[in-house]
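Only the coordinates and a few stated rules stand behind these numbers; no lab work does. Because the structure is predicted, anything quoted here is derived from the model rather than measured.
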Amino acid sequence: MDDEFEALGDLLTALASLDPRIRGHAAHRVLDFAEAAVDALFQAIARPENRDHIGTLVYVLRAFNLALHGHFEVQNHALSILSGQSFDVTAEQLRLAERALDELKARENLPTEDVELLRDDLRLVLSRLGESMRRTP
């Protein structure tokens with residue numbers, strides 16, 4: 001049955017099916033593709049030869065909402081990749097990021113303990129960005 005839904009168009013059509021079995025299978029295939037896409041994006045971002053050309057890759061990861069909604073291991077992986085990058089940010093962008101961080105709350109797949117650890121890690125990243133911004137003329 002997996003071979004039936006290899007093309008994205010077929011998956012989208014199957015998601016609109018009136019048959020719950022077909023819809024459910026198609027939804028699982030979409031998830032399989034999404035997980036494979038996230039893995040491929042992380043691998044591409046981590047490659048040293050791509051270091052200066054990852055903007056689009058990171059932008060596409062935003063569609064998966066990993067930074068605030070993913071599993072803790074995924075978030076740590078994202079943080080380790082992003083911490084090796086350099087970014088030009090404005091004071092307003094830092095304020096918005098800090099506000100979003102203040103609003104970060106526990107969820108089904110993100111328990112309170114993980115939120116606190118993630119918040120600490122992200123505050124450190126924001127602090128480094130702020131220091132870097134202040135040093136740049």
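Things worth noting here:
- Between the amide H of Val89 and any residue lying 5 or more places away or on another chain, no distance stays under 5 Å, with hydrogens modeled in the peptide plane.
- Relative contact order for the stretch 1-64, counting Cα pairs under 8 Å that sit 6 or more residues apart, in percent: 21 percent
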